[in-house]
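Student: Take this structure, written in C-alpha cells, and hold onto it; I'll ask about it next.
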Amino acid sequence: MKPLLAALSLLLVAAAAAAGSDSGELDAVMRLLAAHRHGRVDFVEQHFMPVLRHPVESYGVMTYQAPDRLEKRTVEPVPETLVADGNVLSIERKGRTRVIELSAHPSILPFIESLRATLAGDLGALEQVFKVDFSGTVARWTLDLAPRDARVARIATHVRIEGAGDDLLRVEILAADGSRSLTTLRKSP
Amino acid sequence: MSRRWIVAAWAGLVVCAALVAVHARYLTDLSAFLPAHPTPMQRLLVDQLRTGPGSRLLLIALEGADPAARARISAAMARRLREDREFESVGNGEQLTAERDREFLFDHRYLLSEAVTPEHFSTAGLAAAIKDTISDLASPEGLALEPLVTHDPTGEMLRIVDRLSATRAPATRDGVWTSSDGARTLLVAETSAAGSDTDAQQHALEAIREAFAAAVRAAKDPETRAIRLLLSGPGKFAVESRARIEHAVVRLSIASSAIVVVILLAVYRSFRALILGLLPVATGAVAGIAAVALGFGAVHGITLGFGITLIGEAVDYSIYFFIQSRHEAPPSGALDPLPWERRLWPTLRLGMLTSVCGFATLLPSGFPGLAQLGAYSISGLAAAAAVTRFVLPQLLPGNFAIHDLAPAGARAASLIGTVRRAGPAVLWTAALVLACGSLLVLALARAGLWSRELSSLSPIPPSAQRLDAELRKDLGAPDSLDMVVVSGSTLEAVLRGAESAARALEPLIGEKVIGGFDSPANYLPSLAVQGARRASLPDPAALRRSLEDATRGLALDADRLGPFLSDVEAARHAPLITEHDLAGTSLGSGLRALTLSTSGRWDALLPLYAAGKSPSDLARVRAALAAQPGDARLLDLKQESDALYGAYLRDAMRLSLAGLSAIVVLLVLALRSAGRALRVLAPLVLAVLVVAAALALCQVHLTILHLVGMLLIVAIGSNYALFFDRRSGGESGSTLASLGVANLCTAMAFGLLSFSGVPVLEALGTTVAPGALLALIFSSLLTPAQARTIGSPAMDAHA
C-alpha cells in the first residue's frame, strides 16, 4: 500500500505544481493586459446560425479605454455603434439610440464582460461572471469561460478568447441555440 | 302682525331651512374651481382633469438610502399592489408585462405592423425585408429575434417593438424606473376608479402606503428605513384638498364662532344678549346653506369655508341694533329719539343692500364655487338683516340692558378728533398722496401683478404642484403640453381620425418641426386599417412562390420558412383586434391613456414631442392637419388653460366693475346726492388701493379671488362709511363703538381665512381683513363731519 500512497501523493504534488505554473502564466497574462490601458483593433465578426445557409459577416473597429469603456463600431453591413461604459450600454443603430443597464440584461452581459474584463486584465471581475479555465503560455494563450449565472448560460454556453501576450486574437461565443459567433481581431494599421 | 306670529313664522322658516341644509348633498372635490360651462376644448381639459385617464394615475417616488435598496422596495411594493384589485396596473420598469406583451405582439404582428401592405409580400418586398432581417440578426438586439426568424423573416416584430419604444420611457437603474439624476425610484399606479371618486382614491393611497410599510418591514434591512415615500397625482390632490377643505371649514367655524362669542361677551357683558345677538348670524348661515342647496343642487364644502365670512358681517347687524337701540332705553327725556327702525334701520338696510350688490356680481361667475359664495352670502345677509329688523325687537325683554360702550366710543372719538383737527384739507391731501403712492406701486408692479395661470386658482399648494411636475418630468411625460385631438362618436371613428392625423404629422418629424408623437392607434389600429392589412396577406400558394423567388441567393433558405407560411395563413383567418383583447397588456394601458370617453363621445389624444429644445412650430402643425381630411384639432393645453384663466379674469373684472357701479348707483339713489356718494366711496377706494399695493409689494400675484376680495372691501366698508355719513349728534360714541366691534368681528373672520391653508380662501382673507380695517379708519377720518361732534365729548355727554 505504501508505494501506491507515495505514488498518489507524488501525482498530487505534480498536479499542484502544474496548476501553480498555469496560474502563474494566467497572472502574467493578466498583468500584461492590465498594463495595456488603451487599444484599438479592427474586427471581423462571423455569425453562424443554424437557420442560415452561410454566416452573416460584419466588420468594424473596436476600441478599449481602461478601466471599463469598450466601444464596438460596426461599419458594414449595417452601421451600428455599441458603447459599454461602466454598467451602461448604449446601442446606436438605424438612427436610434437605446440605453440599457448591463446588470438588468443578463443575456447581453457575457458578450461585453468577457471581452472587457479580459482587456482590463481584471481576473476578479472575470471570475465573478465566469468559471475561468486558462491554457497555453503567455506567448500564446486561451481562456475558456463558462458562465456562472444560469440566466446567462441560457443564452451563451461558452466563450473562448485566444491571445498572444497582451493582444487578443479571436473571440468565439457559443450560443445555447446552436448559433456561434467568431470575431477575429487585428491591430488597426 | 302680532309678535307671536312673527316669531313663529321665523322659527318655522329656520326649521325648514335647517331640514334642507341637513339633507343637502355636500361636495368636497375640486370642481368648485373648474368652470361650469366650458367650450368644447375647455370641456376636454376639464374632463381630463376630472375623470380622464390621467386622473387615475398616482405617481409614487422613493427617496433616500441607496438605489439598490429602493429597487428592492419598489419591486416588493409593485408585487403587492398588482394583486390589489383597486389598481388597473402598476408600472415600475420591471419587465413583467414584457412576456405577455411580446406574446400578444407576436401573435398579432400582421395586424399591428404598419409595413404590412400587398407590396410588402411581393417578391421584391419579401427579398428586401428578409435581407434586412438577416443583417439585424448580427446585432445584439437581433439576438433575441433569432429563434423567431423562421416565423417572422420579414422582421415585423422588431418593427412593432421599435415603434412602441419610440415614445419616451424613464431611465432605469437596478431594473426599475428612476429619475434621470438617480435620486428617486419611480412607480406609476393606475387606479381602477376614476380620479373624481375621492373615496376610492383615498383607499388606493392607503393601499400604497401600506404596501410601502410592509415592504420596508419585510426587507429587514436597516438601510431601507431611510427610504421616504412621496406620492402625487390628481387622486392625491383630490383626497388632500378634501381633507384640507373639511379640516379648514371645521376649524374656521369653531375658531371664528369662539372669537365672535368672546368679543360679543366682552362687549355686551350679558349671556342673554349674546344668545340674541347670535340669532341673526345662525339664521343667516342656515338660510345661506339652504339657498345654495336649493339653487345649485349640491353645496361645495369650500362655500361653507367662505361662508364663515358671513359671520363677520351678519354679527354687525345685531351689534348695531343692541348698542344703538340701547339709547332708546331711557324711558323719558328731553331728547326722545326716534324708534330705531326709523333712525338706524334705513342705514343698516342700505349697508346690507350694498353688500348684496357686491355679492350678487358673483352669481353669474363661471366658477360654481364663487357663484355659490354669492348665493350663500346674499341669502344669509338678507336673512340676518331681516331677523335683526323684525325678530330681535320682538324677543327683546323689557329690562334688556347691555354694557354701555359709549365711553369707550368716546375715547376712540377723541383720538379720531385729534387727527381730524389737522383739518380736511390736510387729511384729503394725505389721502391723495397715499392713493398716488399706491397707484405708483401698482403701475411699477403691473407686469407681474396678475397671476396668468389657471393653476393659481387651484386649491393645491404650490409645493405639491412642483413635486408633481418634477415626478412627471422624471417619468418622461411629454415635455410640451401640445396635443392633437380627434373627436368622434365611436372608438373606431377616433382611431381612424388618429391614423389620418398621423399621416399629416409623420412628414413633420423628418422636417424637425416636431420631435415625434404618440397615438392611440399605435396601440390599437382602427378596424379599417387592420382589415386592410389582413386583406393584403397573400394565399399560401402565392406566398410560397414569391418566397422562393425572394430568397434565391440569400442566407435564409425558403425551405426553413414553413412556420412563416403557416403563421401568415393563420393570420389571414384570425379575427381583428378589439380593445377588449388588449386587457392585461401594456398596449391596453397605452390605449386608455390616450383616449377619453364621456357620454357617447370619444376623444383620441396625440401628444406631440418637441424637436430639440425649441417649442414646436404650431402654425405648421395646424396647417398640416388642415390639409388632411378629418377634424383633427391642435390643442395647446398651456395656451388653452391660460386663455381659460384670462377669460375668467376678464369676466371677474367686468363683474366687479358692474358690482361697483351697482353700489354707486344705489348710494346715489339712497343718499340723493352724487357728491355725498362720492365722499362715502372715496375712503373705500383708497382702502382697496392701499391693500392692492401692499399685496404687490409682498410679491403676491393677484388672482380672481383677490379681485373678489377688493369688491368685498367696498361692499363691507360701505356700511362703515354710511354710518359715519349718517352720524348725528347724540350717538357718535356708540356709533363708533359699534363700528369698532363690528369691524373687529369682520377682520377676525376674514383674518382667520388667511390661515386656512387653502390658497383661494387665503387670498380672500389677506385682502378683506386688512381692507376692512383700513376702510373703517379712512372712513372715520375722511367722511365730512356734518354735526362736528367728533372730538367734542361735551356734546356726547348730552345723550
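Student: Inspect region A:115-126 for any residue being exposed (fewer than 15 other Cβ atoms within 10 Å of the Cβ), away from chain B (no Cβ under 14 Å) and not in a loop (DSSP other than H, G, I, E, B) and give the result as yes or no.
Tutor: Checked against the condition, which is being exposed (fewer than 15 other Cβ atoms within 10 Å of the Cβ), away from chain B (no Cβ under 14 Å) and not in a loop (DSSP other than H, G, I, E, B), region A:115-126 yields at least one hit.
Student: Is one or more of the residues making up region B:623-630 more than 14 Å from chain A (Cβ to nearest Cβ), without any contact (Cβ under 8 Å) to a residue 40 or more places away in the chain and under 30 Å from B:F104 (Cα atoms)?
Tutor: no
Student: Only one of B:G562, B:G488, B:G590, B:G515 is of a type outside the set (A, V, I, L, M, F, W, C), within 14 Å of chain A (Cβ to nearest Cβ) and surrounded by 16 or more Cβ atoms within 10 Å (Cβ to Cβ); which?
Tutor: Result of the check over B:G562, B:G488, B:G590, B:G515: B:G515.
Student: Give the residues of region B:646-695 that are surrounded by 22 or more Cβ atoms within 10 Å (Cβ to Cβ), modelled with pLDDT of 85 or more and over 19 Å from B:A721 (Cβ atoms), sorted by residue number.
Tutor: B:L695, the sole residue that qualifies.
Student: I'm trying to understand the selection: among the residues of region B:3-31, which are at pLDDT 65 or above, surrounded by 15 or more Cβ atoms within 10 Å (Cβ to Cβ) and part of a helix (DSSP H, G or I)?
Tutor: Matches in region B:3-31: B:I6, B:W10, B:L13, B:V14, B:A17, B:A18, B:V20, B:A21.
Student: In addition: Within region A:157-179, how many residues are surrounded by 14 or more Cβ atoms within 10 Å (Cβ to Cβ), in contact (Cβ under 8 Å) with a residue 60 or more places away in the chain and within 12 Å of chain B (Cβ to nearest Cβ)?
Tutor: Total meeting the criteria: 3.
Student: Would you confirm whether or not region B:235-246 contains a residue that is touching a Gly at 6+ places or on another chain (Cβ under 9 Å), among the acidic types (D, E) and farther than 30 Å from A:A156 by Cβ?
Tutor: So far as region B:235-246 goes, yes, one or more of its residues are touching a Gly at 6+ places or on another chain (Cβ under 9 Å), among the acidic types (D, E) and farther than 30 Å from A:A156 by Cβ.
Student: For region B:322-334, check the following and say yes or no: at least one residue is within 24 Å of B:R654 (Cβ to Cβ) and either at pLDDT 85 or above or crowded, with 23+ Cβ neighbours inside 10 Å (or both).
Tutor: No, the conditions are met nowhere in region B:322-334.
Student: Is it fair to say B:R349 is over 29 Å from B:R650 (Cα atoms), modelled with pLDDT of 75 or more and touching a helix residue (DSSP H, G or I) at 6+ places or on another chain (Cβ under 9 Å)?
Tutor: Considered against the rule, which asks whether it is over 29 Å from B:R650 (Cα atoms), modelled with pLDDT of 75 or more and touching a helix residue (DSSP H, G or I) at 6+ places or on another chain (Cβ under 9 Å), B:R349 comes out as yes.
Student: So, of the residues in region B:491-501 that are under 22 Å from B:Y609 (Cβ atoms) and in contact with a strand residue (DSSP E or B) (Cβ under 7 Å, 6 or more places away or on another chain), which turns out to be surrounded by the fewest Cβ atoms within 10 Å (Cβ to Cβ)?
Tutor: The selected residue is B:G497.
Student: Kindly evaluate A:P55 against the criterion of being modelled with pLDDT under 85 and under 22 Å from A:S181 (Cβ atoms).
Tutor: Considered against the rule, which asks whether it is modelled with pLDDT under 85 and under 22 Å from A:S181 (Cβ atoms), A:P55 comes out as no.
Student: Looking at B:D581, B:D603, B:D631, B:D617 in this structure, which one is within 28 Å of B:P118 (Cβ to Cβ) and not polar (S, T, N, Q)?
Tutor: B:D581
Student: Go through region B:517-573 and count every residue that is in a helix (DSSP H, G or I), over 30 Å from B:A504 (Cβ atoms) and touching a Leu at 6+ places or on another chain (Cβ under 7 Å).
Tutor: Qualifying residue count for the region: 11.
Student: Test B:P67 against the stated conditions and say whether it is surrounded by fewer than 23 Cβ atoms within 10 Å (Cβ to Cβ), touching a Lys or Arg at 6+ places or on another chain (Cβ under 7 Å) and touching a residue at least 40 places away in the same chain (Cβ under 8 Å).
Tutor: In short, yes.
Student: OK, next. Quickly run through region A:127-144 and pick out the residues that are closer than 17 Å to A:R170 by Cα and not in a strand (DSSP E or B).
Tutor: A:T137, A:V138, A:A139, A:R140, listed by residue number.
Student: Would you be able to tell me the number of residues in region A:127-156 that are away from chain B (no Cβ under 14 Å) and in contact with a strand residue (DSSP E or B) (Cβ under 8 Å, 6 or more places away or on another chain)?
Tutor: Selection size over region A:127-156: 19.
Student: Within region B:160-199, which residues are under 23 Å from the mean Cα position of the chain (by Cα) and hydrophobic (A, V, I, L, M, F, W, C)?
Tutor: Residues satisfying the conditions are B:V188, B:A189, B:A193, B:A194.
Student: Still on this structure, please answer the following. Within 10 Å of chain A (Cβ to nearest Cβ), more than 19 Å from B:L561 (Cβ to Cβ), surrounded by fewer than 20 Cβ atoms within 10 Å (Cβ to Cβ) and among the acidic types (D, E): is that true of B:D162 in this structure?
Tutor: So B:D162 passes the test.
Student: If you scan region B:226-256, which residues turn out to be under 23 Å from B:L59 (Cβ atoms) and free of Cβ contacts under 8 Å to residues at least 24 places away in the same chain?
Tutor: B:A243, the sole residue that qualifies.
Student: Looking only at region A:61-80, count how many residues are within 11 Å of chain B (Cβ to nearest Cβ) and closer than 26 Å to A:T157 by Cα.
Tutor: 3
Student: Being in contact (Cβ under 8 Å) with a residue 24 or more places away in the chain and in a strand (DSSP E or B) is the filter; apply it to region A:41-57 and report the residue that is nearest to the other protein chains (Cβ to nearest Cβ).
Tutor: Among them, the one singled out is A:H47.
Student: Quick one: in region A:89-102, which of the residues that are within 10 Å of chain B (Cβ to nearest Cβ) and either farther than 25 Å from B:V176 by Cα or surrounded by 15 or more Cβ atoms within 10 Å (Cβ to Cβ) (or both) is farthest from the chain's Cα centre (by Cα)?
Tutor: Within region A:89-102, the match that is farthest from the chain's Cα centre (by Cα) is A:K94.
Student: Sticking with this structure for a sec: Can you tell me which residue is nearest to the other protein chains (Cβ to nearest Cβ) among those in region A:103-114 that are over 13 Å from the mean Cα position of the chain (by Cα) and part of a loop (DSSP other than H, G, I, E, B)?
Tutor: By that ranking, first place goes to A:S107.
Student: Please go through region B:165-188 and pick out each residue that is more than 11 Å from chain A (Cβ to nearest Cβ), modelled with pLDDT under 75 and closer than 18 Å to B:L62 by Cβ.
Tutor: B:P170
The values are calculated or read from the model by the stated rules, or taken from the named source; none is laboratory data. Note that the structure is a prediction, hence the values are computed from the model and not measured. Every residue, glycine among them, receives a Cβ derived from its backbone with ideal geometry; neighbour counts consider all protein chains shown.
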